[in-house]
Amino acid sequence: MKKLILHHMADSTYIGMVTILDYEISLKKSLVEISFPPEESKRKIIVDLALKCGVNQYRFVVFDISAAGKVMWNTSEYIVPNNDIVNVANMYLKENKEIVLNSMLPTIKKKEILNV
């Protein structure tokens, strides 16, 4: 089973989005091996924690990316993104429908994400 999915974004602020698919593994363990090009001018990454924390105010967290291209753990900030970002995040989760259906999310939240 995939632990996460990294999606690059065409956004002025964010390098991309990471969707966490495995709710059992720690966030730090999930992201420690990811690195980004040092020359990248956008220095933030959005992490979608829907399957780990639920569809609530803790779903999306943003981290800064260091000059070396690594996630800076002490920079986390929960955000409420715009609808476009939420729709993109839901689209990535729909691509992993079986994982969503077997997740700990309440049925109503699963349907909300999958538009069932």
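Taking only Cα atoms and a 10 Å spring cutoff, compute GNM fluctuations for the chain and point out the largest among 29, 70, 97.
29
Where only protein heavy atoms count, and the probe is 1.4 Å, what is the accessible area per residue for the range 15-116 in Å²?
Spelled out: the 1.4 Å probe surface of the range 15-116, per residue, equals 54 Å².
Greater than 22 Å separation of Cα atoms is the criterion. Which listed pairs, 3/110; 70/109; 70/94; 52/110, meet it?
Working: 3/110 19 Å; 70/109 32 Å; 70/94 28 Å; 52/110 13 Å.
Going by Cα-Cα distance, 70/109; 70/94 fall outside the 22 Å limit.
What translational diffusion coefficient, to the nearest whole µm²/s, does the chain have by Stokes-Einstein, given a Kirkwood radius computed over alpha-carbon pairs, a temperature of 37 °C and 0.692 mPa s viscosity? Mind showing how you got there, number by number?
Details: Rh = 14.4 Å.
Taking Rh from Cα pairs, D becomes 228 µm²/s.
Once neighbouring chains are kept in place and the probe is 1.4 Å, which whole percent of the accessible area of the chain is contributed by carbon and sulfur? Could the numbers behind the result be given before it?
Numbers: 3450 of 6570 Å².
With neighbouring chains kept in place, the figure for the chain is 53 percent.
Among rounded, prolate and oblate, which fits the range 69-116 when a ≥ b ≥ c are the square roots of the eigenvalues of its C-alpha gyration tensor, a/c under 1.5 means rounded, and a/b larger than b/c means prolate? Before the final figure, lay out the partial values.
On the way: a/c = 2.17, a/b = 1.82, b/c = 1.20.
Since a/c reaches 1.5 and a/b is larger than b/c, the shape of the range 69-116 is classed as prolate.
I need to check one value: relative contact order of the chain, counting alpha carbon pairs closer than 8 Å and at least 6 residues apart, in percent. Intermediate results must be reported in sequence, preceding the final value.
On the way: 179 pairs, mean separation 23.2, N = 116.
The normalised contact order for the chain reaches 20 percent.
Okay, helix-only estimate at 222 nm for the chain: each DSSP H run of n ≥ 4 adds -39500 (n - 2.57), divide by all residues, round to 500 deg cm²/dmol; what do you get?
On the way: 5 runs with 34 residues, N = 116.
For the chain, the value works out to -7000 deg cm²/dmol.
Given a cut-off of under 8 Å on Cα pairs at least six residues apart, what relative contact order in percent is computed for the range 3-67? The partial results should precede the final answer.
On the way: 105 pairs, mean separation 20.7, N = 65.
Once normalised by length, the contact order is 32 percent.
Could you pull out every residue, at least 5 positions away or on a different chain, whose amide H is within less than 5 Å of the one on residue 60? Hs are placed 1.01 Å off N in the peptide plane, and Pro or chain starts have none.
Those qualifying (amide H under 5 Å, at least 5 residues apart or on another chain) are 49, 79.
Evaluate the charge dipole of the chain about its Cα centre and quote only its size in Debye, nearest 20, assuming +1 on the Cβ of each Lys and Arg and -1 on the Cβ of each Asp and Glu. Write down the numbers at each step before the final one.
Values: 15 positive and 13 negative charges, 61 e Å.
It comes to approximately 300 debye.
The values are calculated or read from the model by the stated rules, or taken from the named source; none is laboratory data. Predicted model only: the values in this text are computed from it and were never measured. Here the Cβ is made from the backbone with ideal geometry for all residues, glycine too, and neighbour counts use every protein chain on show. The protein model used for the area step is the full one, side chains on, heavy atoms only, and it has no ligands, DNA or RNA in it. Shrake-Rupley method; radii C 1.70, N 1.55, O 1.52, S 1.80 Å.
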